[in-house]
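Remarks on the structure that follows.
Read-outs: derived from the displayed coordinates by stated rules, not from any lab. What you are looking at is a predicted structure, and each value in this text was computed from that prediction instead of being measured. Every residue, glycine among them, receives a Cβ derived from its backbone with ideal geometry; neighbour counts consider all protein chains shown.
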Amino acid sequence: MEALSQAIRGYCASHPEAQFSSVADEFCVTEGTVLAALEGEIASRLTNFDLFELAQELSTWGKLRLVIRNRAALSEMLGTLQGVRLSKGWLSVENDHFHLHLKAEEIRQIYLVRKAAPPARVSYSVQFLDGTGAVVLKAFLLETADGSGQVERFDGLMRR
């Protein structure tokens, strides 16, 4: 397993523009395996997380880019997580822009990812994975230098 992790890290270092889904395809693994290989470098896994508490915190971060992707479709939504609630095992966000429902018990891992994104910028995301290592949802910060404090909040979450 360490050889695979080293190969993934080497590939990502020589292909900084590569999306994790492409890296996973290249190595015939899940994105969860890619994130685990990059833990401590690009990715930081949250331990002992409370999904609802995290979603409530993210709801204070302002506008995010939410990405849901599978092999046949890609959905991107811009908006806040205002209106987040937990009911009957589902974490739900219902607002004027979109409705999103996640089966809470299926979210098994959460990674915070800080990745260099050429040219000369950094991508910040919170990635929610299921028990198979598949990414269920990615929430990307939209801040660049607008002073909204998203990066500072992200850094604070990483320090926990």
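Can you tell me how region 33-160 classifies by the Cα gyration tensor, rounded, prolate or oblate, using a/c under 1.5 as the rounded cut? Spell out each step's value before the answer.
Numbers: a/c = 1.37, a/b = 1.14, b/c = 1.20.
Judged from the Cα gyration tensor, region 33-160 comes out rounded (a/c under 1.5).
Which of I8, I110 comes first, and how do the rest follow, when ranked by fewest Cβ neighbours within 10 Å?
Numbers: I8 22, I110 19.
Least to most surrounded, the residues fall as I110, I8.
Want the number for A7 to R45: 0.36 nm per residue separation, take away the alpha-carbon distance, what's left? Intermediate results must be reported in sequence, preceding the final value.
Values: separation 38, 0.36 × 38 = 13.68 nm, distance 2.00 nm.
Gain on extension, A7 to R45, equals 11.7 nm.
Under 15 Å from the Cα of K88, which aspartates and glutamates turn up, not counting those fewer than eight places away in the same chain?
Cα-Cα hits under 15 Å: E105, E106.
Suppose a student asked you for the relative contact order of the chain, using Cα pairs under 8 Å spaced at least 6 residues apart; what percent would you report?
Numbers: 256 pairs, mean separation 32.9, N = 160.
Relative contact order, the chain: 21 percent.
Using alpha carbon centroids, what distance separates region 72-143 and region 29-70, in Å?
7
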